[in-house]
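Colleague: Structure below; questions to follow.
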Amino acid sequence: MSSDDMMNSKIQKKSLADEVAGRIREQIITGTYQDGQQLPTEPELMKQFGVGRSSVREAVRILANSGLLRVQQGVGTFIQKHTGIAEPLLQRLKRSKGEELDEIRQLLEMKIAEKAALNRTARDIKKMRSALDKRTAAAKSGLAEECIQADIEFHTCIAEASGNDILADLYKSFAVQLKSWFMEKYKNVESFRVTTKLHEDLLKSIQDGDSKQAWAFASKIINK
């Protein structure tokens, strides 16, 4: 077997395990399996999903690491009682409605703007300036997709400048779906042209270290 074949084989095994893990996760979420219930044995899962033992074991390991399963040696594998979100965030965001995304955006963008004003560095400001210049240029040229991408890049730079890694990671995860929503919502660049000055004011408030003004301008942008 060539090295390429070996690589393809490994990728296929991994994707099968991910698929099995996803199917079991879905069954847990929809109530097919209840908290504390024992998962079927490996042979039963192999038969159910039509995969080999290694794929089943890897799927169980993935779910155990995520906290959905508890493996008890010599006894079996059990559905782990959980009180948090069973569905992965990215998967849940894909099902979100536009109104839900706008509400999340409101919460995140005002907070990251406030924190960025307190924690930004000169390098952060430079990155924000670059992204905002791209947004402005795209808006002037009537390039909707480029404008949307630059807008999200600008706010992602603000998230990174917040000094809170969890907030930044949340925004980056959220931004993936936000772009799809913006592409659906904005068919032209008019809304982006209208808010150009507000974005400049937001950047200035962050640069000046004025957290209250940063919060206020972020709020105005969202509600425009």
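Colleague: Collect the residues in the stretch 197-215 that are touching a Ser or Thr at 6+ places or on another chain (Cβ under 8 Å) and more than 19 Å from GLU160 (Cβ to Cβ), keeping them in residue-number order.
Modeller: GLN213, the sole residue that qualifies.
Colleague: A further question follows. Please verify whether ASP208 is in contact (Cβ under 8 Å) with a residue 40 or more places away in the chain and surrounded by fewer than 19 Cβ atoms within 10 Å (Cβ to Cβ), treating the condition exactly as stated.
Modeller: On the way: in contact (Cβ under 8 Å) with a residue 40 or more places away in the chain: yes; surrounded by fewer than 19 Cβ atoms within 10 Å (Cβ to Cβ): yes.
The answer is yes for ASP208.
Colleague: Filtering the stretch 183-201 down to residues that are surrounded by 16 or more Cβ atoms within 10 Å (Cβ to Cβ) and within 24 Å of the chain's Cα centre (by Cα), which residue is nearest to ALA137 (Cα to Cα)?
Modeller: Top of the filtered list is PHE192.
Colleague: Residues that are within 30 Å of LYS185 (Cα to Cα), of a type outside the set (Ser, Thr, Tyr) and modelled with pLDDT under 90: which helices (runs of 4 or more DSSP H) entirely in the stretch 32-101 hold 2 or more of them?
Modeller: Values: elements: 42-49, 53-65, 89-94.
Passing ranges, in order: 89-94.
Quick grid of which residues meet (1) in contact (Cβ under 8 Å) with a residue 60 or more places away in the chain; (2) in contact with a Phe, Trp or Tyr (Cβ under 8 Å, 6 or more places away or on another chain):
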{"site": "THR136", "(1), (2)": "yes, no"}
{"site": "ALA144", "(1), (2)": "no, yes"}
{"site": "CYS147", "(1), (2)": "no, yes"}
{"site": "THR156", "(1), (2)": "no, yes"}
{"site": "ASP165", "(1), (2)": "no, no"}
{"site": "SER173", "(1), (2)": "yes, no"}
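The values are calculated or read from the model by the stated rules, or taken from the named source; none is laboratory data. The shown structure was predicted, so the numbers you read here are calculated from the model rather than taken from an experiment. Virtual Cβ from ideal backbone geometry, glycine too; neighbours counted across all protein chains shown.
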